[in-house]
1. Residues to consider are A:THR190, A:THR200; find the one that is part of a helix (DSSP H, G or I) and of a type in the set (S, T, N, Q).
2. Output the number of residues of region A:16-58 satisfying the condition of being surrounded by fewer than 16 Cβ atoms within 10 Å (Cβ to Cβ), at the interface with another protein chain (Cβ under 7 Å from one of its Cβ atoms) and among the basic types (Lys, Arg).
3. When region B:91-115 is examined, which residues are found to be assigned to a helix (DSSP H, G or I) and facing chain A (nearest Cβ under 7 Å)?
4. Here is a check on your reading of the model: is A:ASP153 in contact with a Leu (Cβ under 6 Å, 6 or more places away or on another chain) and within 13 Å of another protein chain (Cβ to nearest Cβ)?
5. I'd like to know if region A:121-141 contains one or more residues that are small (Gly, Ala, Ser) and in contact with a strand residue (DSSP E or B) (Cβ under 7 Å, 6 or more places away or on another chain).
6. For B:LEU83, state whether it is aliphatic (A, V, I, L, M), in a helix (DSSP H, G or I), in contact with a helix residue (DSSP H, G or I) (Cβ under 8 Å, 6 or more places away or on another chain) and more than 9 Å from every other protein chain (Cβ to nearest Cβ).
7. Hey, can you tell me all the residues within region A:38-90 that are at pLDDT below 90 and aromatic (Phe, Trp, Tyr)?
8. Exactly one condition in (1) at the interface with another protein chain (Cβ under 8 Å from one of its Cβ atoms); (2) in contact with a strand residue (DSSP E or B) (Cβ under 8 Å, 6 or more places away or on another chain); (3) hydroxyl-bearing (Ser, Thr, Tyr) is not met by A:THR61; state its number.
Amino acid sequence: MSETLDKENILTGTARDWSSDMTTFKGVPWGKAMMWIFLLSDTFIFTCFLTGYMVVRSTTTEPWPVPSEVFALSVGGVAVPLLLIAIMTFVLITSSGTMAMAVNAGYRRNKKLVFWLMAATALLGATFVGMQVFEWSKLILEEGIRPWGYTDDSHLLGNAPQFGAIFFMVTGFHGLHVSIGVAYLLIVATKVLRGKYDHTNLEIVEITGLYWHFVDLVWVFIFAFFYLW
Amino acid sequence: MATEGQQHPIKIYILIWLLLFVVSFFSYMVDYLEFEGMLRWTLIIIFMFLKAGYIVAVFMHMQWERFALIFGILLPPLALVVLILLMAVEADYANATRVQYMGADPTAVPKSPHH
């Protein structure tokens, strides 16, 4: 692919790429372009969910549960707001870091390092899901939060009943993405180690990385809108 | 093969990694220090977009991609901005009609869980 296009005006260069009657995304492996387009569609899904959350929360006239109280974790009898969520956030960021390192190792063709870094990423992802299970069971069993309401003996009874529905749907859909990502990481890591991608540039590691970073990206928005707002 | 990989120095990944930790810590502090009102929302939004920007630009390599891909992926979400604006206006209106015609109390205090 010609490098001279880079030096051209942005708009004429883009117009030429899109109208060249051949590969539009020059220098981009097709798998990576497809992953980006999938992530674009996923962006629409998550944004529609979050927009639904915004509508539910601003239309309801019943009070919304206070996040820093609902999601507090008591340490030695003292309630620390959002402690578990903070730990989950740091676990996910750490996993993004190891993933970025794996991509770097991939282009240096260090397959062993790729395997271990991707395995570490998957382990951190599984830790995240495990903590989410803990969070959910606390909300369901102790706080009595249900989709479309609260149990009769819940202290939260009287708050907006939509809280459970929108919370479980959005964080559940994100947790599903993390779980699928863990499986995806392990499959790709094993195949890389076995040499199934030796004939390529190992761009599969970068493609898997795009998915994983996207999962982290979605968490950034969930963290801001569900837990901090 | 002409397709070049996205090979970049490890240094920039570690820098962004650290920045993500720092910014996450800041956004957690917004809640912990109980900032309220406009200051809270402004800080939350700024830190959120900072983190999102770091992830997309560096970890997902968007800043090194050709503009054909950048435009192809980053322009369509503008439609979502329109959706969000329309829904925000509509939600405000729905809330106002509920308060006005259904006798709802907009000042009700949230019930707290016991810890």
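The values are calculated or read from the model by the stated rules, or taken from the named source; none is laboratory data. Please read these numbers as outputs of a predicted model, since none were measured by experiment. Methodologically, a virtual Cβ is constructed for each residue, glycine included, from the backbone with ideal geometry; neighbour enumeration extends over all protein chains shown.
1. Exactly one residue qualifies, and that residue is A:THR190.
2. 0
3. B:ALA91, B:ASP92, B:ALA94, B:ASN95, B:ARG98, B:VAL99
4. Spelling it out, it is not the case that A:ASP153 is in contact with a Leu (Cβ under 6 Å, 6 or more places away or on another chain) and within 13 Å of another protein chain (Cβ to nearest Cβ).
5. No.
6. For B:LEU83, the condition - aliphatic (A, V, I, L, M), in a helix (DSSP H, G or I), in contact with a helix residue (DSSP H, G or I) (Cβ under 8 Å, 6 or more places away or on another chain) and more than 9 Å from every other protein chain (Cβ to nearest Cβ) - is not met.
7. Passing the criteria: only A:PHE71.
8. Failed condition: (2).
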